[in-house]
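**Q** Before I ask anything, let me first share the structure, which is written out below as structure tokens.
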Amino acid sequence: MKIIAFGASPSKNSINKKLAIYAASLFENAEVEVLDLNDFQMPIFTVDIEKEIGQHELAKAFLAKIATADILVVSMAENNGNYSAAFKNIFDWCTRINAKVFQEKPMLLMATSPGARGGGSVLGIAKNAFPFYGGNIKATFSLPSFDANFDIVNGKISNPEFDNQLKEIIKNF
């Protein structure tokens, strides 16, 4: 079983990437490939640029990575209550090639933030929107107050209640 995991943030120290990596590690007998959005930097999508250069090769590469997955583990970064600009740009380029960006792959959709809502706004937006783009969301998880509930040194959730919630979700995935 192959898992593609990513945090939907370009931050080199993305807390969402850390959460996605941890969650993916909990699946048994899985090969995990972690994507870094920085590997898919493209010009800001406009129809004018698309007309000039066509379908961007990095958008094709991102879609090809998704195609290799049996499961997607995605943790959404929340920027002003919505997707990060980096994720949205990749998403926009990809939808012009294949509107079903997530290709009906089973998805664990998550979010975290330093705040008490744990990225709840972006998680809600993604949960409602992704099914229209081939997102087969099997479960969602939000980790509030990342700094208080995640052990960065050991790369895992430190709060037993939240850790058990995530482990139960993955066990029943």
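**Q** Output wanted: per-residue J couplings in Hz (rounded whole) for segment 28-42, from phi through Karplus 6.51 cos²θ - 1.76 cosθ + 1.60, θ = phi - 60°, x for Gly and Pro.
**A** For segment 28-42, the Karplus curve yields 7, 6, 10, 8, 10, 10, 9, 8, 10, 4, 5, 7, 10, 6, 10 Hz.
**Q** Compute the Kirkwood hydrodynamic radius of segment 1-79, taking the inverse of the mean of 1/r over all pairs of distinct Cα atoms, and give it in Å to one decimal.
**A** One decimal place: 13.6 Å for the Kirkwood radius.
**Q** Could you derive backbone 3J(HN,Hα) for segment 163-173 from the dihedral phi with the Karplus parameters 6.51, -1.76 and 1.60 (θ = phi - 60°), listing whole Hz in sequence and x where the residue is Gly or Pro?
**A** Computed from phi, the couplings for segment 163-173 are 4, 5, 4, 5, 4, 5, 4, 5, 4, 9, 5 Hz.
**Q** Under 10 Å from the Cβ of Ala111, count the other residues' Cβ atoms, weight Lys and Arg +1, Asp and Glu -1, and hand me the total.
**A** +1
**Q** Also: Plugging the Kirkwood radius over Cα pairs into Stokes-Einstein for segment 2-171, at a temperature of 10 °C and a viscosity of 1.306 mPa s, what D comes out in µm²/s?
**A** 99
**Q** Applying the Karplus parametrisation 6.51 cos²θ - 1.76 cosθ + 1.60 with θ = phi - 60° to the phi angles of segment 79-89, what ³J(HN,Hα) value in whole Hz is obtained for each residue in order, glycine and proline being reported as x?
**A** Karplus-based 3J(HN,Hα) across segment 79-89 equals 10, 6, x, 9, 4, 5, 4, 4, 5, 4, 5 Hz.
**Q** If you don't mind, another one. Can you list residues from other chains, or at least 5 along the same chain, whose modelled amide H is less than 5 Å from the amide H of Gly118?
**A** Ser113, Ser145
**Q** Mind listing which trypsin sites (Lys or Arg not before Pro) in segment 107-173 are in a DSSP loop and have 10 or fewer other Cβ atoms within 10 Å?
**A** none
**Q** Turning to a different aspect of this structure: Per-residue ellipticity at 222 nm for the chain, helices alone: DSSP H runs ≥ 4 residues times -39500 (n - 2.57), over residue total, nearest 500 deg cm²/dmol?
**A** It lands at -11000 deg cm²/dmol.
FYI, it's all coordinate maths here, none of it is from the lab. Nothing here was measured: the structure is a model prediction, and the numbers come from that model. Every residue, glycine among them, receives a Cβ derived from its backbone with ideal geometry; neighbour counts consider all protein chains shown.
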